[in-house]
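Participant: Structure in structure tokens, see below.
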Amino acid sequence: MDRGQERTPLRYRARYLFDRTLARSTGTLLGWLAVCCLAVVVPVSTLLVWTDPDAPHSFSGRLAQVWRTSAETLRLGAVTGAPARMLLSVLLGLIALLCVSTVVGVVTTGLGEQLTELRRGRSRVLERDHDVVVGWNDQIVTVIRELIAGRAGGGRQVITVLADRDPAQTATALTSALGVTEGVRLVCRSGTLTDPDDLALVTPAAARAVVVLPAEDADGDLRTVRTLLALRTLLADGSGPRVVAAVHDGRYLSAARLAAGPRGTVLETDRTAARLLVQSARRPGMPSVLRDLLDFSGAEFHVTDVPEAVGLSFEEVALRLDTSCAVGLLRRDGRPLLTPAPRTVVEPGDRLVTVAHDDRPAPLLDRWAAVDTMAVAPPGPVPEPPSRLLLLGWNRRAPMIVDALCRTARPGSSLDVVTDPGTELELVLARQGTPGPDAAAPALAVTHHTRDLAAPEALHGLELSAYDSVIALGTDHGTAPEGSDAPTLLALLTLRSWEERTGRVLPVVAEMHDRRSGTVAPLGHASDVVVRGELTALVMAQIAHDPELAAVFEEIFTVRGGALALRTADHYVLPGCEAAFATVVAAALERGECAIGYHAHIPRADRRYGAVRLSPGKSERRVWHAEDEVLVLTAGPGCPGGADPERRVVPGPRPQRSESGGPGEEAGLR
């Protein structure tokens, strides 16, 4: 038989007919429900009556008993007698059922609306000294996790989140991402971030700190400014919690700072991310170093009072701190003085800026740490030969990256940019960066290539072995974070395939929108991932925990622009010599820098860059190799660090101070 003429089974035809009947109207559905109820109730009632020994013996009597049982089951009344009386009983039963159903429906709808309103989180938060997070983006988990870590051991903690989304979904997403957090309670509220009435739900005036997260869409910075203005109406001038916010575009930075008020701190995410990418391209390993330095899991920046340091030089304080590394001073007027000259005197009211494992005041040792003067490398300029870089992709941070490279590149450096079609005009604008020392010859030669980055042959024709490093950028648009990371992952696949085919190592720094993309990215031995906005989120949590760090981070990441650097250990100590970390600190002070940690080079097959040992003990001794790297805070471009005439070549003997503050016996430094 032809397949088109096969007879359809009866059960399929019956089911199709039933589905078509139910789809006609509500009345048809009610009719089928009545038929189904009668098909079950009447036979069961008949069975009950016929099996009842006390049932009437006559057939009519039993039928009347079946009617009564069925009517009582269906709540239609149980009147017997004439057919008219029975029909009226059924009609009254149906009317009663309709009324009861209507009342039940109204009550159910009202309760449902009330429960929905409660789930929206519209009640005012009655807490004090809590942390408030306003907004929602991919870095909210990082911010909340660091807020929790920053107050670990501090007793009960309440974190309130106000977002323009369902609070139940918000709480579920945060709980699943954070896991079990003892002593921490998350309170989620829903509302419009720019509405003062909705902001009042989280009681910002009684909070310890308020963090305003930047939105990812095109108008996100404008909404941030409006949110800050709305917050200002709820906070008294000159009082209230510290407000920490961030914007993407630097054009809105001034407006956001005006809206935040004197107790507000506003960061710029795009320029910070661009500088981090440039730093990482020149010195691989910087992303992991900054994550270790800015989270609360290890050592981080602190501002502490050290009364016994008053009257001492910064050099003496730095070498008398054993378990923390001094990087500067916070003057009485709130002005930061980082990497000061060694003979800078600590004045009354000054506070010490350190990198330490906790915020407790670090006691000064009775004598200076031992410096191995014979192991100190002779001072000299840090050689930086011309470099050749490759930039893959284009987004709103790319012009900042090109501009930063143009400003800081050594003469003879080159940059090859590979983008999709349609970015020529923006590239021309980006090439108008500051030229090198010779105004007629820019320090950075920029070459543009237009190719389809999604194609496997996009990098064909480029001599990858000639590049010192590669920067891979993602797109700014996309329906999901994974979509914006797709071009970057494709580029990493191509580069990784080239490394495996040629056996060469190519340092690559990739910008990702989603942290989960970094876990699946095919990274080489000298490659790393920069998660967009992660550094800003860590800095925001640090400032929310300690507002005095705002001026310090402003100096490090904005004024100096990349003041943190990884440099090989042979700049400070002679390779192969055994010396204490105090020797590295002293040699760094001589060069106008502050050493805060080191990374021991251990050749291995999986990854080249491991964790940096932050704030080691000054007396910790080890054999230093030329491949070891030292993490230092530098004077930065344009800062008068190393040119200070008061900087000593190597710290010599200093008189040991007695408890009364007077001079004691000399402490010789080996």
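The values are calculated or read from the model by the stated rules, or taken from the named source; none is laboratory data. These numbers were taken from a predicted model, which means no experiment stands behind them. All Cβ positions, glycine included, derive from the backbone under ideal geometry; neighbour counts span all protein chains shown.
Participant: Considering only segment 496-538, state which residues are among the polar types (S, T, N, Q) and at pLDDT below 85.
Facilitator: Scanning segment 496-538 gives S517, T519, S527.
Participant: Spot the failing condition for G298; the list is (1) outside any helix (DSSP H, G or I); (2) farther than 26 Å from L566 by Cβ, and only one is missed.
Facilitator: Of the numbered conditions (1) outside any helix (DSSP H, G or I); (2) farther than 26 Å from L566 by Cβ, the odd one out for G298 is (2).
Participant: So, restricting to helices (runs of 4 or more DSSP H) that lie completely within segment 137-217, which ones have at least 2 residues that are surrounded by 19 or more Cβ atoms within 10 Å (Cβ to Cβ) and out of contact with any Lys or Arg (no Cβ under 7 Å at 6 or more places or on another chain)?
Facilitator: Helices (runs of 4 or more DSSP H) meeting the threshold: 140-150, 167-178.
Participant: Starting from segment 542-560, take each residue that is more than 17 Å from Q279 (Cα to Cα) and list its partners that are polar (S, T, N, Q), counting only C-beta distances under 7 angstrom and pairs at least six apart or across chains.
Facilitator: Qualifying pairs under 7 Å: I543/T265; L549/Q542; A550/T265.
Participant: Another question, if that's okay. Take segment 325-342 and flag every residue that is more than 21 Å from F557 (Cβ to Cβ) and surrounded by 14 or more Cβ atoms within 10 Å (Cβ to Cβ).
Facilitator: Answer for segment 325-342, where residues must be more than 21 Å from F557 (Cβ to Cβ) and surrounded by 14 or more Cβ atoms within 10 Å (Cβ to Cβ): A341, P342.
Participant: Please enumerate the residues belonging to segment 314-342 that are charged (D, E, K, R) and over 13 Å from A588 (Cα atoms).
Facilitator: Those that are charged (D, E, K, R) and over 13 Å from A588 (Cα atoms): E316, R320, D322, R331, R332, D333, R335.
Participant: Kindly state which strands (runs of 3 or more DSSP E) lie completely within segment 459-543 and contain at least 1 residues that are over 21 Å from the mean Cα position of the chain (by Cα).
Facilitator: 469-472, 508-512
Participant: Please work out if V306 is surrounded by fewer than 23 Cβ atoms within 10 Å (Cβ to Cβ) and more than 19 Å from the chain's Cα centre (by Cα).
Facilitator: So V306 fits the description; yes.
Participant: Exactly one of these conditions fails for T519: (1) surrounded by fewer than 22 Cβ atoms within 10 Å (Cβ to Cβ); (2) among the polar types (S, T, N, Q); (3) within 20 Å of P616 (Cα to Cα). Give me its number.
Facilitator: Condition not satisfied by T519: (3).
Participant: Could you list, in sequence order, all residues of segment 548-580 that are surrounded by fewer than 18 Cβ atoms within 10 Å (Cβ to Cβ) and closer than 17 Å to V303 by Cα?
Facilitator: E548, E554
Participant: The conditions are (1) at pLDDT 90 or above; (2) under 23 Å from T568 (Cβ atoms); (3) in contact with an Asp or Glu (Cβ under 8 Å, 6 or more places away or on another chain); (4) not acidic (D, E), and L329 fails exactly one of them. Which is it?
Facilitator: (2)
Participant: Continuing with the same structure: As an exercise: evaluate A318 against (1) over 20 Å from S619 (Cβ atoms); (2) in a helix (DSSP H, G or I); (3) of a type in the set (A, V, I, L, M, F, W, C) and give the number of the one condition it does not meet.
Facilitator: (1)
Participant: Pairs, please: C-beta under 8 Å, at least 6 apart or cross-chain, first residue within 11 Å of D420 (Cα to Cα) and in segment 443-464, second charged (D, E, K, R) and surrounded by fewer than 19 Cβ atoms within 10 Å (Cβ to Cβ)?
Facilitator: Sorted first by the residue in segment 443-464, then by its partner, the pairs are H448/E424; T450/D420; T450/E424; R451/D420; D452/D420; L453/D420; A458/R451; A458/D452.
Participant: Cβ-Cβ under 7 Å, sequence separation 6+ or interchain: first residue in segment 231-256 and within 14 Å of G220 (Cα to Cα), partner of a type in the set (K, R) and surrounded by 19 or more Cβ atoms within 10 Å (Cβ to Cβ). Which pairs?
Facilitator: Taking only residues 6 or more apart or on different chains, the pairs are G250/R271.
Participant: If A440 passes every condition in (1) within 24 Å of R283 (Cβ to Cβ); (2) modelled with pLDDT under 80; (3) among the hydrophobic types (A, V, I, L, M, F, W, C) but one, which one does it miss?
Facilitator: Only one criterion is unmet by A440, namely (1).
Participant: Looking at the structure I just gave you, is P645 surrounded by fewer than 16 Cβ atoms within 10 Å (Cβ to Cβ) and modelled with pLDDT of 90 or more?
Facilitator: In short, no.
Participant: Still on this structure, I have one more. Enumerate the strands (runs of 3 or more DSSP E) found wholly within segment 572-637, keeping only those where 2 or more residues are basic (K, R) and at pLDDT below 95.
Facilitator: In segment 572-637, the matching strands (runs of 3 or more DSSP E) lie at 621-623.
Participant: When the residues of segment 5-64 are narrowed to those that are among the polar types (S, T, N, Q), assigned to a helix (DSSP H, G or I) and touching a Phe, Trp or Tyr at 6+ places or on another chain (Cβ under 9 Å), which ends up surrounded by the most Cβ atoms within 10 Å (Cβ to Cβ)?
Facilitator: S45
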